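Student: Take a look at this one; I'll ask things after.
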Amino acid sequence: MNSLAVLPGAVGGIRLVGLPMPSPPGVGEVRVRMLRAPINPADLLAIDDRYAFELPRDLPLGAEGVGMVETAGDGVSDLAPGDPVMMLSRGNWCACRTLPRSDVVALPHGVGIDQAAMLRINPPTALLLLEAAGVKPGDVVVQNAAGSAVAAWVRALAARMEVTVVDVVRRPDPELPQAIVDGDGLADRVSAAVGDRPIRAALDCVAGAATGRMAACLSPAGRLVVFGHLSGEPISVPSQLLTGGGLTIRGFSLRPAEAAMGRDGVRAMFDDLLAFHAHGQLALPVREVVPLSRAEEAIAQARAGGKGRVLLDLTA
Ligand SMILES: NC(=O)c1ccc[n+]([C@@H]2O[C@H](COP(=O)([O-])OP(=O)(O)OC[C@H]3O[C@@H](n4cnc5c(N)ncnc54)[C@H](OP(=O)(O)O)[C@@H]3O)[C@@H](O)[C@H]2O)c1
């Protein structure tokens, strides 16, 4: 029997293939029936060969995914068939995976799988971005692409830290009436919104000229964290802002940040984030759930943009 999977194709495309069923779990492993996976901007970058890291061409795509334990191998005593789990490793656009127990996080029974499928990347990204930005309670941080899933998590986690967030969008967003529209004079409008409170950090995932506008919002010695490339343009920052303002620019990527934390650190972070999610019920919009067998169509929908995430139904 084969297991359907989506692999990278020619640049910009995918291959829908039938892979041999993964082996039964060995010692310390689990076999997981995959259920749901979102199509994230990073997946589109991977398909387009524009991702920051080189990914294997012979393994399934998919940074996030959730499933249900089918079989637990010897030595795995804390997971049983039917338990919902979230995958920590890539390679989730497939029907079935066998992987080390240490590569999965147990989810609470009864968890909504659509929301759970979106918990692997953006919540820890938001949390670690706030850390990378060095913000403390009482600080103000500005973020662009404020309608994004990461930005929603930044708002939620910043509120928990008593950090104020100023949202910037590229066009008016009825769901974020408080957000400031990006463009000329952004720094003045952001400054008017926060009064005389210093802006310690800026979170930029747009790049291009937007990065310069975010840098201009910062108070002296502020920190600019670049973590995405939605514009597709190289960042452009007036150098006087760096010299005059003593700004620091740094890049951020989730996986290296997690690697530096070690597996125990990552697990502790997810314990915290899953508990926070269970209480906060931060529900992100889902645009459509599309069968894995129609992945090409789902990817086209994700590329077209619009509110809500396109999810793959990995059972169909
Ligand atoms: N470095 C990391 O480890 C890491 C981890 C996770 C995510 N990211 C990055 O974080 C960013 C957001 O990801 P996400 O999954 O949260 O996004 P998302 O939910 O898919 O939302 C994308 C948002 O970006 C906005 N947008 C798209 N193109 C834009 C452009 N050219 N200029 C300004 N805004 C634009 C959209 O605005 P409209 O509503 O106006 O269409 C939308 O609100 C992406 O760049 C992603 O690659 C990085």
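Student: Can you tell me which residue in region 56-75 is farthest from the chain's Cα centre (by Cα), limited to those that are buried (at least 19 other Cβ atoms within 10 Å of the Cβ) and aliphatic (A, V, I, L, M)?
Tutor: Among them, the one singled out is ALA72.
Student: Right, next: Within 13 Å of the ligand (Cβ to nearest atom), open to solvent by 10 Å² or more (accessible area, probe 1.4 Å) and basic (Lys, Arg): is that true of ARG120 in this structure? Working first, answer last.
Tutor: Details: within 13 Å of the ligand (Cβ to nearest atom): yes; open to solvent by 10 Å² or more (accessible area, probe 1.4 Å): no; basic (Lys, Arg): yes.
So ARG120 fails the test.
Student: From (1) part of a loop (DSSP other than H, G, I, E, B); (2) out of contact with any helix residue (DSSP H, G or I) (no Cβ under 8 Å at 6 or more places or on another chain); (3) without any contact (Cβ under 8 Å) to a residue 40 or more places away in the chain; (4) under 30 Å from ALA207 (Cβ atoms), pick out the condition that doesn't hold for ALA46.
Tutor: (1)
Student: Related question: Within region 222-230, identify whether any single residue is over 17 Å from LEU45 (Cα atoms), away from the ligand (no atom under 16 Å from the Cβ), in a loop (DSSP other than H, G, I, E, B) and of a type outside the set (A, V, I, L, M), and answer yes or no. Spell out how you get there, then give the answer.
Tutor: Applying the first criterion (over 17 Å from LEU45 (Cα atoms)) to region 222-230 yields 222-225.
Imposing the further condition that a residue be away from the ligand (no atom under 16 Å from the Cβ) reduces the set to 222.
Right, trim to in a loop (DSSP other than H, G, I, E, B) and you get 222.
Cutting the leftovers down to of a type outside the set (A, V, I, L, M) gives us 222.
The answer is yes; a qualifying residue exists.
Student: I'd like the residue in region 90-104 that is touching a Ser or Thr at 6+ places or on another chain (Cβ under 7 Å) and not small (Gly, Ala, Ser) and, out of all such residues, is surrounded by the most Cβ atoms within 10 Å (Cβ to Cβ).
Tutor: Filtering region 90-104 down to residues touching a Ser or Thr at 6+ places or on another chain (Cβ under 7 Å) leaves 94-96, 98-99, 103.
Pick out the ones that are also not small (Gly, Ala, Ser) and you get 94, 96, 98-99, 103.
On the way: CYS94: 26, CYS96: 19, THR98: 17, LEU99: 18, ASP103: 18.
So the residue we want is CYS94.
Student: Among the residues of region 185-198, are any crowded, with 17+ Cβ neighbours inside 10 Å, among the small types (Gly, Ala, Ser) and within 16 Å of the ligand (Cβ to nearest atom)?
Tutor: no
Student: Moving to a separate point now. Could you identify the single residue in ASP182, ASP204 that is under 24 Å from the mean Cα position of the chain (by Cα), within 12 Å of the ligand (Cβ to nearest atom) and over 17 Å from THR248 (Cα atoms)? Give the derivation first.
Tutor: Details: ASP204 fails: over 17 Å from THR248 (Cα atoms).
None of the other options fit; the residue is ASP182.
Student: Moving to a separate point now. Looking only at region 29-43, which residues are open to solvent by 30 Å² or more (accessible area, probe 1.4 Å) and modelled with pLDDT of 95 or more?
Tutor: In the first step, residues of region 29-43 are kept if they are open to solvent by 30 Å² or more (accessible area, probe 1.4 Å); the result is 29, 31, 33, 35-36, 41-42.
Hits for region 29-43 are GLU29, ARG31, ARG33, LEU35, ARG36.
Student: Answer yes or no as to whether PRO123 is under 18 Å from the mean Cα position of the chain (by Cα) and over 27 Å from ASP188 (Cβ atoms). I'd like the intermediate steps shown before the answer.
Tutor: Working: under 18 Å from the mean Cα position of the chain (by Cα): yes; over 27 Å from ASP188 (Cβ atoms): yes.
The answer is yes for PRO123.
Student: For region 4-14, state whether one or more residues are in contact with a Cys (Cβ under 6 Å, 6 or more places away or on another chain) and either open to solvent by 30 Å² or more (accessible area, probe 1.4 Å) or part of a strand (DSSP E or B) (or both). Can you show your working first?
Tutor: Applying the first criterion (in contact with a Cys (Cβ under 6 Å, 6 or more places away or on another chain)) to region 4-14 yields 5.
With the extra rule that they be either open to solvent by 30 Å² or more (accessible area, probe 1.4 Å) or part of a strand (DSSP E or B) (or both), the set shrinks to 5.
Yes, the conditions are met somewhere in region 4-14.
Student: Among the residues of region 76-89, which ones are surrounded by 20 or more Cβ atoms within 10 Å (Cβ to Cβ) and closer than 15 Å to PRO22 by Cβ?
Tutor: Correct list: VAL85, MET87.
Student: What about LEU107, is it open to solvent by less than 10 Å² (accessible area, probe 1.4 Å) and more than 12 Å from the ligand (Cβ to nearest atom)? Working first, answer last.
Tutor: Details: open to solvent by less than 10 Å² (accessible area, probe 1.4 Å): no; more than 12 Å from the ligand (Cβ to nearest atom): yes.
The answer is no for LEU107.
The values are calculated or read from the model by the stated rules, or taken from the named source; none is laboratory data. Note that the structure is a prediction, hence the values are computed from the model and not measured. Neighbour counts are summed over all protein chains in view; Cβ atoms, including those assigned to glycine, are modelled from backbone coordinates with ideal geometry. Accessible surface areas use protein heavy atoms only, side chains included; no ligands, DNA or RNA. Shrake-Rupley method; radii C 1.70, N 1.55, O 1.52, S 1.80 Å.
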